[in-house]
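Below is one structure, written out as structure tokens; comments come after it.
A short reminder: the numbers here are calculations on the coordinates, not readings from a lab. Being a predicted model, the structure only gives us computed values, none of them experimental. Please note: Cβ atoms are built from the backbone with ideal geometry, for glycine as well, and neighbour counts cover all protein chains shown.
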Amino acid sequence: MDKSRRKTTGPSGQTDMSPATYQGGHPADVHQTDAALRTAIACRQEGRPAPPAGMEERFMARLAKERSTGAEKPRHRAAIWITAAIAAAAAVAIAILPIPRTEADTAPGIASVERTAPAPVKETLPGTPEHTPAPARTINKVSPSPTPARTHPRPKPQVLIAATQPAPAPSVASPAPSVTSPSPVPSVATASQPQPAFTAEEIRLMERAEEMRPQALLYAAEILQCARIEARERQQAIFARQETSDHKQIITSI
Amino acid sequence: MNAPSIETAISAARAGREEGFRQLFAAHSAAVFALVQHFVPDVAEAEELTQDTFLRAFAALEQFDSSRGSFLAWLRRIAYNLAIDQLRQNRPKEISLEGMAERKEEAGILDPEDFADETQERVEALMQAVGLLPAEEQTLLTLYYFDNLPQEEIAYIVGATANAVANRLRRIRKKLHNQLDNKNA
């Protein structure tokens, strides 16, 4: 950059200052304005205050302070990152690792059956016959126990439970009372003790009765229908007889 | 400070040596201080902004590319951006007529009619008019007419194209010319 040329001739060498492109007035005024502008700006710059004394020393002191604090920043940053990484790892571990479970939570149904099944009926209900189902109140104590893996059926106790009290929803967090503590009362196993065996003849008769039941119902319906028809015909006969007698009386009176 | 000395000082500063920082600051602090004074007339604030400029530059010294411009141009670019940011933070939303009059008094402008010399009268009128320009336009005029920087370097400093700088300079001159014509009319 040729400063002497620009200072003596002004920026007329610049493309934006050519008279053809400048729109500020007469070209002579342009150069006059430019020269005066250059002088005016120079005067303004000369009139500005100089940098204050001691600025360099103050800056070097500030620079030293900034550099000393800047050196500590990486260590501070590393400590923050390590803390954040540990916190993140702990959060992931809590979210992923399985929660330790109690014995009752692992197999609630099976445990319940195994512990309550050996309870003898005679000890708890000595006066109750063996084939008598256990009372509903004793079954209710067992019912909250969730039995997802129950292996032996208990149709009758389920009916009794539904009739007496709705079973609470099975919950993992709240194990059934009969699971952890040995219950002296009869349990599901007691209620579902096998009934006394029937003889072959009795079983055959019962099966036969089951087979005959629909036919008996049909017979009963047919008999009932016949009885209704007979009654209706009887009433019609009575009515006809009365009507005939009435006619006879009219004829007689005429 | 010549170019080889600047390069040596830059290398020393990049190595973290104190003499490098000191040499660079001693060589360019006055120019940076003059630039930021357009935006912050207060001397203490201008000094702080100057120091901020050098701290920012020294922190990013590895990013300086001498092929794109001189070290002083790079410093001026940083200073200009910092000054613009500070100006935007502190700029009043409305300028009253009283504020305009105060700015004229701060500029130390005398009535041109006090001067018999026509040229001197015109210079004074221009000084008054320039003092009323926004800081960005004053900076452009100073960089162009006082520091004699080429438009390309000014464009690098202010973050614009050379054509944009030329257009802005043309508009500023036209504005000043119209103000002078109105005053003479």
Based on alpha-carbon positions alone, could you give the equivalent ellipsoid semi-axes of the range B:1-91 from the gyration tensor, as √(5λ), descending, whole Å? 24, 13, 11
Volume of the Cα convex hull of the range A:199-254, divided per residue and given in Å³: 47 Å³
Average partner coverage of B:168-178, which counts Cβ from other chains inside 10 Å: 5
Go through B:159-167, B:147-155, A:216-224 and give me the packing order, highest mean Cβ count within 10 Å leading. B:147-155, B:159-167, A:216-224
